[in-house]
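Values in this text are rule-based calculations from the coordinates and carry no lab data. Note that the coordinates shown come from a computational prediction; the quantities given were computed from them, not determined experimentally. Using ideal geometry, Cβ is built from the backbone for each residue, glycine included, and neighbour counts are taken over all protein chains shown.
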Amino acid sequence: MQSLVEQLEDVYIKLRKMIVTKKLLPGLQVSRPSLAVELQTSDNLLDLAIEKLANENLIIISPNKSVQVREISTVEMIEILDCRIALETKAVKLFTLTAAQDKIDDLRNLMVPFEKGPQSIHVFQKIDRHFHELIVNNCGNKTLKELFDKSNFWESMELIGITRSLNDVLQEHLDIISAIHHRNHNRAVLLMRRHLEYCKDSIL
């Protein structure tokens, strides 16, 4: 039998997936009773999961306690991607120059399940996040990593989802990995910048 902590985590994960996969649409009020029935959980556990997602800035709780998935504007997304470009081009340069080979191998191994192309948007979106975080987390710049972690970029990105062809995104990842593997930091920076600029273009 699951503990209360495990039950809460289960509800949180399911509710988060509903947001990321757009089963719950941004801006629309969420019915707590309906959610509790669908998730087969208690009102108390659902409220705790909602509070956790509100802390991640994925859900807005109004003064009258109504709940809705946060809407994100195009301007905010452009600003987020501009910040990501600044941080991640520096991170990929440092990673290419200094990362241990096993970390580069970890990066390549992330893409192995997609050799025949991405099959699930939800799964690929999680791998996309791991790809970028692995580079940032192992770039060797502690302050850069802390800035990236505190930004909550991913919570906002997940509200939008992947807005481009999964195959195109996959190929760009593979090209970046190839540049890193060959320790070509100039090309890795160019490809990372281009990759994130394409993301900007897709939401304009």
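Calculated over the range 4-69, the projected area of the Cα convex hull averaged across directions stands at 4.0 nm². Extension gain, Gln119 to Ala86: 0.36 nm times the residue separation minus the Cα-Cα distance gives 8.8 nm. Calculated over the range 90-143, the projected area of the Cα convex hull averaged across directions stands at 4.0 nm².
Could you work out the per residue convex hull volume over the alpha carbons of the range 37-131, in cubic angstrom?
180
Work out the P(r) tail for the chain: percent of alpha carbon pairs separated by more than 28 Å, whole number. Distances greater than 28 Å cover 35 percent of the Cα pairs. Going from the residue with the fewest nearby Cβ atoms within 10 Å to the one with the most, Lys65, Lys93, Lys14 rank Lys65, Lys14, Lys93.
By other beta-carbon atoms within 10 Å, ranking Tyr12, Tyr198 with the fewest at the front produces Tyr198, Tyr12. Here the sum of -39500 (n - 2.57) over DSSP H runs of 4 or more residues, divided by the residues of the chain, equals -22500 deg cm²/dmol at 222 nm, to the nearest 500. Note on Arg193 and Ser151: the model spin-label points, each 7 Å out from Cα along the C-beta direction, lie 1.6 nm apart.
Too long at a 22 Å Cα-Cα cut-off: which of Lys23/Lys52; Lys90/Lys145; Lys65/Lys150; Lys126/Lys150? Pairs exceeding the cut-off: Lys65/Lys150. The phi-based Karplus calculation (6.51 cos²θ - 1.76 cosθ + 1.60; θ = phi - 60°) puts the 3J(HN,Hα) values of the range 190-204 at 4, 5, 5, 4, 4, 4, 6, 5, 4, 4, 4, 4, 6, 10, 7 Hz, whole numbers, x for Gly and Pro. For the chain, the relative contact order comes to 26 percent (Cα pairs under 8 Å, sequence separation of at least 6). A simple charge model with +1 on the Cβ of Lys and Arg, -1 on the Cβ of Asp and Glu and nothing else charged puts the dipole of the chain at about 380 debye relative to its Cα centre.
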